[in-house]
Amino acid sequence: MKPKSQYLIKPSRKVRLAHIPTVPKGATEDKKIAQDELDRHRAQMASLQEVMYAEQKHAVLIVLQGMDTAGKDGTISHIFSGINPQGCDVAAFKVPTPIEARHDFLWRVHQAAPPRGMIVIFNRSHYEDVLSPRVHKVITEKEARRRLEEINGFEEMLARNNIIILKFLLHISRAEQGRRLAERLQDPDKHWKLSDADFRERKFWNEYTRAYEDILERTSSKHAPWFVIPSDFKWHRNLAISKILFDAMSGLKMKYPKATFDPAGVTLD
């Protein structure tokens, strides 16, 4: 897989998120044009996913990461609403359960990896086991680097088994996060989305930024690339991700499998 995108983080590239815009340069603010293009991508991806499901030679793993309110849930609902639910699943990784904590940190993740023929979306992912523990000094820097090396090996193994891995950091500004949190505070129907952690973790914005920069530098590879998507504009976020996903799936050159019998001789009573 050779993804081409202005948002691609090339392997071993030095990353400073402060130098990457959260609002795309020169982006049109015509949401109608963007929505029309997103609709085309969704229809095309639905067709490609059907072939993938039938062929069962490839799978797609999509990793969504970002600060609180970056829009992971919204990305899933807007981009994948046209995909057949039979061929698409979502997995989320919260605080490990007692039994999960007794295993290596990738144990629960491997179980959620997509079988061939499927698209699986990680709404937060194995990278959470590096981010928060590192920021809050639950693990040492040495342990964090070791975990990143293990993630690289894990993703390489998945790629060797025909799993296409696409990782997206939904890149929002601190000001935009504040605006979205304020919007939720003002709307009673959105209070269910709020938690104490949203406001506690906001204080560690700089620490999370540095942790993400290290992740991007150390784990973006040819077989599992990272893309930093400007996400202050939700419509642009959705369009940019859908284009990358469509390009990756269309490049697989998938075909429907041959029929197991000849339907020409079938007659219906």
Of (1) of a type outside the set (S, T, N, Q); (2) within 20 Å of residue 149 (Cα to Cα); (3) crowded, with 16+ Cβ neighbours inside 10 Å, residue 101 fails just (3)
Taking residue 57 and the conditions (1) crowded, with 16+ Cβ neighbours inside 10 Å; (2) within 19 Å of residue 112 (Cα to Cα); (3) touching a residue at least 60 places away in the same chain (Cβ under 8 Å), which numbered condition does it fall short on, given that it satisfies the others?
(1)
Quick one: in the range 211-269, which of the residues that are charged (D, E, K, R) and part of a loop (DSSP other than H, G, I, E, B) is modelled with the lowest pLDDT?
269
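One line per residue, one yes/no per condition, for (1) closer than 19 Å to residue 230 by Cα; (2) within 18 Å of the chain's Cα centre (by Cα); (3) among the small types (Gly, Ala, Ser):
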{"position": "8", "(1), (2), (3)": "yes, yes, no"}
{"position": "14", "(1), (2), (3)": "yes, no, no"}
{"position": "21", "(1), (2), (3)": "yes, no, no"}
{"position": "24", "(1), (2), (3)": "yes, no, no"}
{"position": "43", "(1), (2), (3)": "no, no, yes"}
{"position": "55", "(1), (2), (3)": "no, no, no"}
{"position": "63", "(1), (2), (3)": "yes, yes, no"}
{"position": "67", "(1), (2), (3)": "yes, yes, no"}
{"position": "71", "(1), (2), (3)": "yes, yes, yes"}
Close pairs from the range 150-162: first farther than 16 Å from residue 2 by Cα, partner of a type outside the set (D, E, K, R) and assigned to a helix (DSSP H, G or I), Cβ under 6 Å, at least 6 apart
151/219; 152/219
Among the residues of the range 200-210, are any among the aromatic types (Phe, Trp, Tyr) and either touching a strand residue (DSSP E or B) at 6+ places or on another chain (Cβ under 6 Å) or modelled with pLDDT under 95 (or both)?
no
Residue 200 fails exactly one of the following numbered conditions: (1) among the basic types (Lys, Arg); (2) farther than 30 Å from residue 12 by Cβ; (3) touching a residue at least 40 places away in the same chain (Cβ under 8 Å). What is the number of that condition?
(3)
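Among 181, 194, which is touching a residue at least 24 places away in the same chain (Cβ under 8 Å) and not basic (Lys, Arg)? Can you show your working first?
Details: 194 fails: touching a residue at least 24 places away in the same chain (Cβ under 8 Å).
Exactly one residue qualifies, and that residue is 181.
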Among the residues of the range 67-79, is there at least one that is within 19 Å of residue 217 (Cβ to Cβ) and buried (at least 16 other Cβ atoms within 10 Å of the Cβ)?
yes
Determine the pairs where a residue that is in contact (Cβ under 8 Å) with a residue 40 or more places away in the chain, located within the range 74-91, has a partner that is in a helix (DSSP H, G or I) and of a type in the set (Ser, Thr, Tyr) with Cβ atoms under 9 Å apart, the partner being 6 or more residues away or on another chain.
78/242; 79/242
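Would you pick out the residues in the range 41-69 that are charged (D, E, K, R) and either under 30 Å from residue 193 (Cα atoms) or modelled with pLDDT under 95 (or both)?
Taking the range 41-69 as the starting set, the residues that turn out to be charged (D, E, K, R) are 42, 50, 55, 57, 68.
Within the range 41-69, 42, 68 meet the criteria.
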Consider the range 199-242. How many of its residues are of a type in the set (Asp, Glu) and in contact with a Leu (Cβ under 9 Å, 6 or more places away or on another chain)?
2
Go through the range 237-269 residue by residue and tally those that are in contact (Cβ under 8 Å) with a residue 40 or more places away in the chain, over 30 Å from residue 22 (Cβ atoms) and surrounded by fewer than 15 Cβ atoms within 10 Å (Cβ to Cβ).
3
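The values are calculated or read from the model by the stated rules, or taken from the named source; none is laboratory data. Predicted model, so just to flag it, every value in this text is computed and none were measured. Counting neighbours? That spans all protein chains shown, and the Cβs are built from the backbone with ideal geometry, glycine included.
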